[in-house]
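Engineer: What follows is a structure written as structure tokens; I'll ask about it next.
The values are calculated or read from the model by the stated rules, or taken from the named source; none is laboratory data. A quick note: this is a predicted structure, and the numbers were derived from the prediction, not measured. Virtual Cβ from ideal backbone geometry, glycine too; neighbours counted across all protein chains shown. These area figures cover heavy atoms from the full protein model, side chains too; ligands, DNA and RNA do not enter into them. Shrake-Rupley method; radii C 1.70, N 1.55, O 1.52, S 1.80 Å.
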Amino acid sequence: MCTGGCAKCLGTTLIPLAVLCTLANILLFFPGGKVAENNLHITDEVWYFGGILGSGVVMIFPALVFLGLKNNDCCGCCGNESCGKRFAMFSSIIFAAVGFLGAAYCFVLSAVAINKGPKCNTGTEWTYPFHDGDYLSNHTLWSTCQSPENIVPWNLTLFSLLLVMSGIQAVLCGIQVVNGLFGTICGDCKCCGCCGVI
């Protein structure tokens, strides 16, 4: 597969992941699937918009750049055929790095939120009743949260999805860095003939 085609494939994969991350983050604003009575009752990490900004909006830019690489023409520059394509592949490395940082931001926030646990009503106050992820292996602790109903599985599921999807996004952006390096050095197969096509 040529470097432009590979980039298009990666961009096509990043778009639905960005949409799903955005939706997961939006759902976290509804603890237990219900409208929160007070914004202070929402887990703090939700307000850092890891899924909306990091793996959502920021990821759209690299995805669109990757999608456009397949359609770049090979007009050349400075008398050098395929120079334009090589520069486009080089610029994709920069966008891939931006995408990687966005995905890493979401990944770290999700990991912290999973370790910390949700904010819930213990009967006396709204607090974080769990410490260092102790609730992950001991499901009997989940009953400590009296409301909102099902807040522990709700937060755990959505933050876990964000963790996995942002991890996939980071890997895909890393692949594009390598692909972009090949495209910068070799050019796309349609331009320089590195895949045997001139």
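Engineer: Can you match Cα Rg over 2.2 N^0.38 Å to one of these, (1) 1.10; (2) 1.31; (3) 0.98, based on a calculation from the structure here?
Structural biologist: Evaluating Cα Rg over 2.2 N^0.38 Å on these atoms matches (2).
Engineer: Once Lys and Arg get +1 and Asp and Glu get -1 on their Cβ, which of Gln176, Gly50, Leu163 lies farthest toward the positive end of the dipole of the chain?
Structural biologist: It is Gln176, whose Cα lies furthest towards the positive end.
Engineer: Cross-chain or 8 or more residues apart, Cα under 17 Å: how many lysine pairs in the chain fit that? Count them up, please.
Structural biologist: Pairs that pass both the separation and distance tests number 7.
Engineer: Shifting gears a bit: Could you please report the charge total around Asp44, scoring K, R as +1 and D, E as -1 over all other residues with beta-carbon less than 14 angstrom from its beta-carbon?
Structural biologist: Working: positive: Lys116, Lys119; negative: Glu45.
Once positives and negatives cancel, what remains is +1.
Engineer: For the stretch 77-171, which GluC sites (Glu not before Pro) are both in a DSSP coil and crowded by at most 10 other Cβ atoms within 10 Å?
Structural biologist: Details: sites: Glu81, Glu125, Glu149; in loops: Glu81, Glu125, Glu149.
Counting only loop positions with at most 10 other Cβ atoms within 10 Å, the GluC sites (Glu not before Pro) in the stretch 77-171 are Glu125.
Engineer: Most fluctuating residue of Gly174, Gly56, Gly133 in a GNM of the chain with Cα springs under 10 Å: which is it?
Structural biologist: Gly133
Engineer: Continuing with this model, one more query. Round to a whole number: what % of the accessible area of the chain belongs to carbon and sulfur, probe 1.4 Å? Each step should come with its number before you reach the end.
Structural biologist: Working: 6810 of 9860 Å².
Here carbon and sulfur together make up 69 percent of the probe-accessible area.
Engineer: Send over a whole-number figure in Å² for the accessible area per residue of the chain, probe 1.4 Å.
Structural biologist: Numbers: 9860 Å² over 198 residues.
Accessible surface, normalised per residue, equals 50 Å².
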